[in-house]
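Participant: Questions regarding the structure given below will be posed in turn.
The values are calculated or read from the model by the stated rules, or taken from the named source; none is laboratory data. Computed from a predicted structure; not experimentally measured. Neighbour counts run over all protein chains shown; Cβ positions are idealised from the backbone, glycine included.
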Amino acid sequence: MHPTITRMQEVVAKGEETAIAELLAEDVRFLPPTYWKTWTGRAPVAAVLGHVGQIFLDFRYRRIMGEGADWALEFQCKVGDLDCVGVDLITLNDAGLIQTFEVVMRPHKTIGALRDAINARVQTDARFLDFRKALS
């Protein structure tokens, strides 16, 4: 298994933002399950993933599939009392850093709960005012 994928399993679920940032390419693209906009850049993506790691409860990867630059990591967790299953679709760049990170999840009700929880956190994290400007 690629060392970035191994390390990712250790830090993403814990919401360790600094450790997550070390795995991300400077121009990483993050495609969340909660809405259609793409987050771009190491700092905002690490911040979002840090918050998500603190929202997810009982997070664990169930299966990891892939090789080379392309990986799919199936996970399960809870958002509040709602169950969730999802897949992290990861593409690594030539340096072995995460270039693209796309998340697909189900069921719809849990995605809504995640959206509400992340929005509540983002509204109290002043860094996101700057990040949102960058998205516009």
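Participant: Can you pull out the residues in the stretch 104-125 that are at pLDDT 90 or above, surrounded by fewer than 17 Cβ atoms within 10 Å (Cβ to Cβ) and hydrophobic (A, V, I, L, M, F, W, C)?
Facilitator: The one that is at pLDDT 90 or above, surrounded by fewer than 17 Cβ atoms within 10 Å (Cβ to Cβ) and hydrophobic (A, V, I, L, M, F, W, C): Val104.
Participant: Additional query: Out of the stretch 30-45, which residues are buried (at least 18 other Cβ atoms within 10 Å of the Cβ), in a loop (DSSP other than H, G, I, E, B) and β-branched (Val, Ile, Thr)?
Facilitator: Thr34
Participant: Right, another one. For the stretch 56-74, which positions are touching a Phe, Trp or Tyr at 6+ places or on another chain (Cβ under 6 Å) and at pLDDT 95 or above?
Facilitator: Leu73
Participant: Leu92 passes all but one of (1) modelled with pLDDT of 95 or more; (2) under 12 Å from Ile5 (Cα atoms); (3) touching a Leu at 6+ places or on another chain (Cβ under 7 Å); which number fails?
Facilitator: Single failed check for Leu92: (3).
Participant: Within the stretch 12-54, which residues are closer than 23 Å to Asp116 by Cα and aliphatic (A, V, I, L, M)?
Facilitator: Result: Val12, Ala13, Ile20, Leu31, Ala43, Val45, Ala46, Ala47, Val48, Leu49, Val52.
Participant: Right, next: Under 6 Å by Cβ, and 6 or more places apart or on different chains, what pairs join a residue from the stretch 9-20 that is surrounded by fewer than 19 Cβ atoms within 10 Å (Cβ to Cβ) with one that is of a type in the set (S, T, N, Q) and part of a helix (DSSP H, G or I)?
Facilitator: Gly15/Gln54
Participant: Could you list all residues from the stretch 8-29 that are out of contact with any strand residue (DSSP E or B) (no Cβ under 6 Å at 6 or more places or on another chain) and either in a loop (DSSP other than H, G, I, E, B) or under 11 Å from Leu97 (Cβ atoms) (or both)?
Facilitator: Met8, Val12, Lys14, Gly15, Glu16, Ala21, Glu22, Glu26, Asp27
Participant: Within the stretch 40-86, take every residue that is acidic (Asp, Glu) and touching a strand residue (DSSP E or B) at 6+ places or on another chain (Cβ under 8 Å) and give me the one that is nearest to Leu23 (Cα to Cα).
Facilitator: Asp70
Participant: Right, something else. Evaluate the following for Arg106: is it basic (Lys, Arg), within 21 Å of Asp125 (Cβ to Cβ) and in contact (Cβ under 8 Å) with a residue 12 or more places away in the chain?
Facilitator: For Arg106, the condition - basic (Lys, Arg), within 21 Å of Asp125 (Cβ to Cβ) and in contact (Cβ under 8 Å) with a residue 12 or more places away in the chain - is not met.
Participant: May I ask you to say which residue of Gly66, Gly53 is surrounded by 14 or more Cβ atoms within 10 Å (Cβ to Cβ) and either touching a residue at least 60 places away in the same chain (Cβ under 8 Å) or among the polar types (S, T, N, Q) (or both)?
Facilitator: The conditions single out Gly66.
Participant: If you don't mind, another one. Within the stretch 71-103, which residues are surrounded by fewer than 20 Cβ atoms within 10 Å (Cβ to Cβ), within 19 Å of Gln9 (Cβ to Cβ), in contact with a Ser or Thr (Cβ under 6 Å, 6 or more places away or on another chain) and in contact (Cβ under 8 Å) with a residue 24 or more places away in the chain?
Facilitator: Gly96, Gln99, Thr100
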